[in-house]
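What follows draws every value from the coordinates through simple rules; no lab data is involved. In this text the structure is predicted, and so the values were computed from the model without any measurement. Neighbour counts are summed over all protein chains in view; Cβ atoms, including those assigned to glycine, are modelled from backbone coordinates with ideal geometry.
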Amino acid sequence: MPSLSLSWFRQICEIVIVVTVCLSHTTSIAQSKEATAVLRAGATRVDITPQKRVKMAGYGSRTGFSEGVHDPLCARVVAFENDGKRVVLVSTDVLGFYNGTDEYLRKAILEEFEMKPSELFLCGIHTHSAPTLTIDKEKTDPNNLEYTELLKDKLIKVIRRAIGDTSPVHIGAAVGYCPVGANRRELKLDSSRASSIELGRNPYGPTDKEVLVVKVAEPDGKPIAVLFDYATHSTCLGPKNYTISGDVLGLAEQFVEKILDGNVIAPGFAGASGDIDPWFRVLPGFSTEPGWIPEPVLLGTVLGEEVVHVFRGIAKVSAGGEIKTGFIALGLPGKPLNETDVKKDCPPARLNLTAARVGDIAFVGIGCEVLTEIGMRIKAGSPYKHTFVITHCNGAAGYLPPAHLYIEGGYEVKSSPFAHQAADMVVKQAVKMLHEL
Ligand SMILES: [Zn+2]
């Protein structure tokens, strides 16, 4: 027995030595990788304000041309690169990439820069006061066709500038809260007490109030970019407005850049906001009443001030930061538009999902208009402390409501191309992708 024990003890010692050697080898590889891998970023923007009168996107009832500009539209880019891996985040002051323009523009960008689909987040802020994008020569105004082509050229140029001008950076993130967005699914009762869900204001409905902010700074602390994510439609302005504007999110971007001396790029991203409108919604224009602060300016400023508050409170930034990305084109259970029921033999509805991680900050891009509860579930299931859920990203597939809302219906459910099972599948897939990063 004693000799057996001794042999057993020796074996254990050998195993411990081997494991220790393996561990120290792994650690040294990790350390040397960390030492050589440097997170770099480039940030820039380009003006995309239309120079000619254009048809405007977002309301079918608005048929005339734009009349003047209240505030400029921009495309803002932050490109991260580390150890040969990259992710390019583009925030564009447009409604979104509808009418086939998503595939058209993404293809052009991906080919130009030999990027993988997972490396590009092409996002719209969903302002309803920007030009309609189109590539359809038959159905639209030549000015809109020209605008879309110009936008393509500008996106390629601005991405080239961001990718070509990266330098070592440190990054950090923090969270604030903002009351600008309100749930818009309002319960109405008619004279016979029959109920319906109408677009309005439901102050008791679920609303993701989080303002996620990422600070990107040079190693000496000088900021180069502030990315923020907030769940609201940019629909302070309604179909009677004919003035070009970034609306709430665009005005918040402009406010942050103005306060932070104009050289810091502040891309805003629309969070899961399919059922969230600004507190003041669908107004006919910018009020010029003496003493009145126009609502889009007021709400954009409230959001912008919170972004700056959070940004100024980010004391901890870190160097390094591994980049990982993932992309999947899902085929989800579909349903006919304008119906709440699933019909048999309905073809699947397509949806692009993109996920990326830069250090310990995660991004999920969803190619449709996601209702707020879905975004909150993805954040709750994410293994990361800070997860940007970005809607209108790499696609424009329409509304994606959670299953329980199919019982009460309403605009988002009726106009959705997805059947009620789709949302759970998207949450599951997004969380899976986050865990695999
Ligand atoms: Zn919308």
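Structure notes:
- Residue order, fewest to most beta carbons within 10 Å, for Leu227, Leu330, Leu155: Leu330, Leu155, Leu227
- Net charge, Ala396 excluded, C-beta distance under 9 Å - Lys, Arg +1, Asp, Glu -1: -2
- Each peptide in 137-143, 233-239, 201-207 receives the mean, over its residues, of other Cβ atoms within 10 Å, and ordering these scores from highest gives 233-239, 201-207, 137-143.
- When the chain is treated as a GNM with alpha-carbon contacts under 10 Å, the residue of Leu332, Leu189, Leu298 showing the greatest mean-square fluctuation is Leu189.
- Dipole magnitude for segment 300-437: computed about the Cα centre from +1 point charges on Lys and Arg Cβ and -1 point charges on Asp and Glu Cβ, it is near 360 debye.
- Furthest towards positive pole of dipole, Phe269, Ala315, Ala329, structure part segment 244-353, Cβ charges: Ala329
- Shape call, segment 212-278: gyration tensor on alpha carbons, a/c limit 1.5: oblate
- Footprinting exposure proxy for Met376, Met56, Met425, Met433 (fewest neighbouring C-beta atoms within 10 Å first): Met425, Met376, Met433, Met56
- Cα shape, the chain, gyration tensor, a/c 1.5 rule: prolate
- Between the residues Thr391, Gly96, Ala430, the greatest Cα displacement towards the positive end of the dipole of the chain, with unit charges on the Cβ of Lys, Arg, Asp and Glu, is found for Ala430.
- For segment 282-437, the Rg and Dmax computed from alpha carbons only, in angstrom: 18.8, 58
- Listed by Cβ neighbour count within 10 Å, with the fewest neighbours leading, Arg184, Arg281 appear as Arg281, Arg184.
- Charge tally for Met433 (other residues, Cβ to Cβ under 13 Å; Lys, Arg +1; Asp, Glu -1): +3.
- Under the convention that each Lys and Arg Cβ holds +1 and each Asp and Glu Cβ holds -1, the size of the dipole of the chain around its Cα centre is about 520 debye.
- Cα pair distances of segment 227-359 binned at 10 Å [whole percent]: 10, 27, 28, 22, 11, 1
- With semi-axes defined as the square roots of five times the eigenvalues of the C-alpha gyration tensor, the equivalent ellipsoid of segment 108-159 measures 23, 14, 10 Å, largest first.
- Average Cα contact separation per residue, the chain, under 8 Å, 6 or more apart, as relative contact order %: 17 percent
- Segment 112-213 shape via C-alpha gyration tensor axes, a/c threshold 1.5: oblate
- Pairs of Cα atoms farther than 17 Å apart, segment 41-118, %: 59 percent
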